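The values are calculated or read from the model by the stated rules, or taken from the named source; none is laboratory data. The structure displayed is predicted, hence computed values, not measured ones. Cβ sites come from the backbone with ideal geometry, for glycine too, and all protein chains shown count toward neighbours. Calculation scope for accessible area: heavy atoms of the full protein, side chains included, ligands and nucleic acids excluded. Shrake-Rupley method; radii C 1.70, N 1.55, O 1.52, S 1.80 Å.
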Amino acid sequence: MNGSFNENFVPVSCDFIENLMPNAPALYTVVYLCALKAGSGVLAEDIARRLNISSVDVLSAAMYWQDRHVLNVTNGAVYFDDNGADPKSAGSNSTSKNVKKHVVCDVRPEYQPEELNMYADKNADVRRLFNMAQEKLGKMLTHNDLSAVFSFYHWLGMSLDVIEMLFDYCVSNGHRNMRYIERVAIDWCESGINTVEGVKDRIYTYNTVYRKIMRAFGQNAREPVSEEINYMDKWVFQLKMPEELILLACSKTVINTGRAAFGYANSIIESWNKSGYKSKEDVEAGEKAFAEAKKAGKVSQDIKTNGTPNDEKDSKNKQSKNKFINYSQRTYNYAELERLQRERFKMGGEI
């Protein structure tokens, strides 16, 4: 709200009063009201000074409300509408919006053992978080482990449900290393994945489509890197290319280049998308038309993207109409594109 309140009143929604306040510790409600009066971006230490309580108590209260999508806590400050939480709709049961967050440039806070103990002692959600992580990993957590787990909640602002799904996802794929789990957590936050529904969608995509693509490239023994994920996101979500055509393009790429060349596959997929191909039958028809035209000697360097050859006579007539055109205007279909790129690949050029 950033100081937009009338100085004599602080608006609090009836939904908050009726549904959230009765179940919250009294001190947490006081902290919320004080933060609401101060405005978005107020520091926890400023609230603590105004209420004459510790900063730890303020942060515990703030994290309690953050888990209920009432506010957000970032670098020791409390935010409302600036980071996607709206005090006027506090207590709403609606799912919080996916907000893209950039946290890689920030340094993960280091929490002292005494600090973690204090949070766990005063906040039941933090205790549940630590117990859940320990159960999922099947081991006693070290201080560094606890610090990382707590950072998902406090630093990244992930809800307990999302963190639990994070551990389930990583452990089910054989990854119990905390550094790996942290990388996945950061990736989810940067991608705006902060709801249960968003996590389900991401996990489904990774466990089905992306793994099939990696297998088609002969890379099923490793996880995709960020650049490869960007390509796959483009094919699946932006171009909405059918899965069977994506896998076919990957297979053609390996056959033609001998490696998992995502850029090469991207050229094929973009060409198919431009040609309007929606199935393997479309691709096969285009290849057949191209092969027949080539066999008949009707295919020169002038090839339409739909796989049918240009009429050489027409091409010459069109060029003769404009004396300033002294070059051949060409458009290529995917088959010609593949041939040219194979030649560049063999010569050591970029694809």
Note: among A296, A335, just one is more than 32 Å from the chain's Cα centre (by Cα) and either within 21 Å of F217 (Cβ to Cβ) or at pLDDT 95 or above (or both), namely A335
Restricting attention to the stretch 237-270, the residues that are part of a loop (DSSP other than H, G, I, E, B) and of a type in the set (S, T, Y) number exactly 0
Checked pairs for the stretch 204-229, first over 18 Å from H175 (Cα atoms) and open to solvent by 80 Å² or more (accessible area, probe 1.4 Å), second assigned to a helix (DSSP H, G or I) and among the aliphatic types (A, V, I, L, M), C-beta under 8 Å and 6 or more apart or across chains, list as none
Can you name the number of the only condition in (1) within 21 Å of the chain's Cα centre (by Cα); (2) open to solvent by 20 Å² or more (accessible area, probe 1.4 Å); (3) of a type outside the set (D, E, K, R) that A185 fails? (2)
I need the full set of residues from the stretch 174-201 which are over 15 Å from N144 (Cβ atoms) and hydroxyl-bearing (S, T, Y), in order please. S191, T195
Scan the stretch 6-18 for residues that are open to solvent by 80 Å² or more (accessible area, probe 1.4 Å) and either charged (D, E, K, R) or modelled with pLDDT under 85 (or both) and jot them down. N6, E7, N8, F9, E18
Within the stretch 53-64, identify whether any single residue is open to solvent by 30 Å² or more (accessible area, probe 1.4 Å) and free of Cβ contacts under 8 Å to residues at least 24 places away in the same chain, and answer yes or no. yes
Residues that are in contact with a Lys or Arg (Cβ under 7 Å, 6 or more places away or on another chain) and assigned to a helix (DSSP H, G or I): does the stretch 177-186 have at least one? no
Subset of the stretch 213-227 (residues that are assigned to a helix (DSSP H, G or I) and within 24 Å of S275 (Cα to Cα)): I213, A216
